[in-house]
Amino acid sequence: MSKCRSCGAPIIWITTKAGKAMPCDAEPIFFNLADLDDKDAKFLIKDDGEVAKGIVNPAGDLVGHTSHFATCPQADKWRRK
Ligand SMILES: [Zn+2]
């Protein structure tokens with residue numbers, strides 16, 4: 001497991017289907033697939049690199065990770081690089 005260089009949070013790197021390594025929060029999130037127009041949905045990256053739009057649900061049948069870009073308090077610094 002790695003740590004975010006900006007905020008120190010535990011992160012994992014997942015390679016997406018597009019071939020890009022993406023920093024994600026290490027904590028797994030359980031979710032269900034959302035409809036495309038669902039406003040409460042958020043993007044989650046599954047362990048196999050597939051990006052899904054889901055509704056967080058502790059009893060959900062899928063598991064993924066939140067992009068750390070979305071949760072890092074220092075994300076502005078990251079983006080500038
Ligand atoms: Zn961070």
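The values are calculated or read from the model by the stated rules, or taken from the named source; none is laboratory data. Just so we're clear, the structure is a prediction, and the values are computed from it rather than from any experiment. Cβ placement follows ideal geometry from the backbone for every residue including glycine, while neighbour counts extend to all protein chains displayed. Just so you know, the surface numbers come from the protein's heavy atoms only, side chains and all, with ligands and any DNA or RNA stripped out. Shrake-Rupley method; radii C 1.70, N 1.55, O 1.52, S 1.80 Å.
Does segment 27-71 hold any residues that are aliphatic (A, V, I, L, M), crowded, with 16+ Cβ neighbours inside 10 Å and not in a strand (DSSP E or B), and which are they?
Ala34, Ala41
Between a first residue in segment 53-70 that is more than 9 Å from Ile29 (Cβ to Cβ) and in contact (Cβ under 8 Å) with a residue 40 or more places away in the chain and a second residue that is within 16 Å of the ligand (Cβ to nearest atom) and β-branched (Val, Ile, Thr), which pairs have beta carbons less than 6 Å apart while being 6 or more apart in sequence or on different chains?
The qualifying pairs are His68/Ile11.
Of all residues in segment 10-24, which are open to solvent by 30 Å² or more (accessible area, probe 1.4 Å) and touching a residue at least 24 places away in the same chain (Cβ under 8 Å)? Full working, then the answer.
First pass over segment 10-24, keeping only residues open to solvent by 30 Å² or more (accessible area, probe 1.4 Å): 10, 12-13, 15, 17-22.
Of everything in segment 10-24, those that are open to solvent by 30 Å² or more (accessible area, probe 1.4 Å) and touching a residue at least 24 places away in the same chain (Cβ under 8 Å) turn out to be Ile12, Thr15, Lys17, Met22.
Please work out which one of (1) of a type outside the set (Ser, Thr, Tyr); (2) within 16 Å of the ligand (Cβ to nearest atom); (3) buried (at least 16 other Cβ atoms within 10 Å of the Cβ); (4) over 14 Å from the mean Cα position of the chain (by Cα) is the condition Gln74 fails and give its number.
Just one mismatch for Gln74, condition (3).
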